[in-house]
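The values are calculated or read from the model by the stated rules, or taken from the named source; none is laboratory data. For clarity, every value in this text was computed on a predicted model and none was experimentally measured. Every residue, glycine among them, receives a Cβ derived from its backbone with ideal geometry; neighbour counts consider all protein chains shown.
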Amino acid sequence: MTQLSFLTSKPWIWSFAAAMATWVITMLFTGGSSFVGLSQATLTFASFSIIVGLGQMLVITLGPGNIDLSVPSTITLAGTVALKLMDGQSSWLLLGFFAALAIGLAVGLSNYALIKLLRIPPIIATLSMSFIVQSSAIWYNRGLRVKPPKVLADFTTEATFGIPNLALVALALSIFVWWLLEKSVFGRWISAIGQSPFAARMAGIPVDGARLMTYVCCACFASVCGFLLASFSGGAALNMGTEYLLMSIAVVIIGGTAVTGGNSNVPGIWGASLFMFLVVSMLNTYGFGAGVRLILTGLIIITVILAASRPSARAR
């Protein structure tokens, strides 16, 4: 009974268990011949989902209705602008990185300006901003494909002690977000807001300032993802952020973060991201297409939400 209570109190365990089961099935199907390759590929590609998932998790923690749908377009614009500014020159690497962060800052501020000043629901505000940002990326890109600086391309495609560098970046950002949520005043603020915005205001918490910073953080994480993804891919494409709209939400929900807000789960982001990539890899191995993957993703999300709502139903 104690072990069962431990498992139910740690929802991130289930995402890791699912990832491990999928990994084992894939290994059995391939005869274990792709052990190293699959492991490194999983860590590499899951890193992008982890980075955007961390930002989306912060927003979802604010409570029902809070979500950032501008993540894919922010990824695209940040990657496009960063690569064009660097123009393949390693000496301009910091300029490109800070330009990507500046785009995240601008998008985050604009998102919350629409939400707060114009009183537009977050899902509509961020969707509208997504169209604006994506249009900006199309105008700025103009069909050109600029290669990243070699030092950056090498960094994103290589490993340190057998661990992909992208996974190490994702780990560092995860530790930072965990510290932010668990050890900082800001983390306690957004958790309190997610549980009850009214009670948070009555307690003297700067609700508007905390929400603003949360949307800015989410957009900046998306920008960092765009910067790394464009470098890893060898150039910025106008559709490179598309798959991370669904993915950034899925890894948060599957990872055990409460959809009702007030409770986040950093380890779960890792388990869910690894699981989602392994599902895609397994389906590709069996010859299934993107349609099956999307259907399966939707079914997984529905199952997780239903499972998460059962305890509250019994409590009532």
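Would you check if there is a residue in the range 88-95 being under 18 Å from residue 71 (Cβ atoms), of a type in the set (S, T, N, Q), surrounded by fewer than 19 Cβ atoms within 10 Å (Cβ to Cβ) and touching a residue at least 12 places away in the same chain (Cβ under 8 Å)? I'd like the intermediate steps shown before the answer.
Keep residues of the range 88-95 that are under 18 Å from residue 71 (Cβ atoms), which gives none.
No, that holds for no residue.
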TODO: Scan the range 173-180 and give yes if some residue there is touching a helix residue (DSSP H, G or I) at 6+ places or on another chain (Cβ under 6 Å), within 17 Å of residue 63 (Cα to Cα) and not in a loop (DSSP other than H, G, I, E, B), otherwise no.
DONE: no
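Yes/no matrix, rows are residues, columns are (1) farther than 24 Å from residue 303 by Cα; (2) crowded, with 20+ Cβ neighbours inside 10 Å:
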residue: 209; (1), (2): yes, no
residue: 216; (1), (2): yes, yes
residue: 249; (1), (2): no, yes
residue: 256; (1), (2): no, yes
Condition met for residue 186 (modelled with pLDDT of 90 or more, within 30 Å of residue 61 (Cβ to Cβ) and not in a loop (DSSP other than H, G, I, E, B)): yes
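How many residues does the range 89-124 hold that are in a loop (DSSP other than H, G, I, E, B) and of a type in the set (A, V, I, L, M, F, W, C)? It would help to see each step written out before you state the result.
The first filter runs over the range 89-124 and keeps only residues in a loop (DSSP other than H, G, I, E, B), leaving 89, 117-121.
Subsequent filtering for residues that are of a type in the set (A, V, I, L, M, F, W, C) retains 117-118, 120.
So the answer is 3.
Determine whether residue 191 is small (Gly, Ala, Ser), surrounded by 17 or more Cβ atoms within 10 Å (Cβ to Cβ) and out of contact with any helix residue (DSSP H, G or I) (no Cβ under 6 Å at 6 or more places or on another chain).
Working: small (Gly, Ala, Ser): yes; surrounded by 17 or more Cβ atoms within 10 Å (Cβ to Cβ): yes; out of contact with any helix residue (DSSP H, G or I) (no Cβ under 6 Å at 6 or more places or on another chain): yes.
When the stated conditions are applied, residue 191 passes them.
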Is at least one residue of the range 203-220 over 22 Å from residue 158 (Cα atoms), among the aromatic types (Phe, Trp, Tyr) and in contact (Cβ under 8 Å) with a residue 40 or more places away in the chain? yes
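Answer yes if at least one residue in the range 24-42 is modelled with pLDDT of 85 or more, in contact with an Asp or Glu (Cβ under 9 Å, 6 or more places away or on another chain) and over 20 Å from residue 152 (Cβ atoms), and no otherwise.
First pass over the range 24-42, keeping only residues modelled with pLDDT of 85 or more: 40-42.
In the following step, the residues that additionally are in contact with an Asp or Glu (Cβ under 9 Å, 6 or more places away or on another chain) were identified as none.
No.
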Kindly indicate whether residue 287 is at positive phi and either exposed (fewer than 13 other Cβ atoms within 10 Å of the Cβ) or modelled with pLDDT of 70 or more (or both). yes
By residue number, the members of the range 65-87 that are over 24 Å from residue 250 (Cα atoms) and in contact (Cβ under 8 Å) with a residue 24 or more places away in the chain are 80, 81, 82, 83, 84, 86, 87
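Of all residues in the range 160-171 being out of contact with any helix residue (DSSP H, G or I) (no Cβ under 6 Å at 6 or more places or on another chain) and surrounded by 14 or more Cβ atoms within 10 Å (Cβ to Cβ), which is nearest to residue 231 (Cα to Cα)? Before you say what the answer is, go through the steps one by one.
Step one: filter the range 160-171 for residues out of contact with any helix residue (DSSP H, G or I) (no Cβ under 6 Å at 6 or more places or on another chain), giving 160-163, 168-169, 171.
Narrowing further to those that are surrounded by 14 or more Cβ atoms within 10 Å (Cβ to Cβ): 163, 168-169, 171.
Values: 163: 18, 168: 16, 169: 14, 171: 19 Å.
Across the range 160-171, the extreme among qualifying residues is 169.
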TODO: Determine if the range 71-88 includes at least one residue that is outside any helix (DSSP H, G or I) and within 25 Å of residue 296 (Cα to Cα).
DONE: no
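Quick one: which of 231, 184 is in contact (Cβ under 8 Å) with a residue 24 or more places away in the chain and either over 26 Å from residue 116 (Cα atoms) or of a type in the set (Gly, Ala, Ser) (or both)? Even if it seems obvious, please write down each step before you answer.
Numbers: 184 fails: in contact (Cβ under 8 Å) with a residue 24 or more places away in the chain.
Selected residue: 231, the only one of 231, 184 that is in contact (Cβ under 8 Å) with a residue 24 or more places away in the chain and either over 26 Å from residue 116 (Cα atoms) or of a type in the set (Gly, Ala, Ser) (or both).
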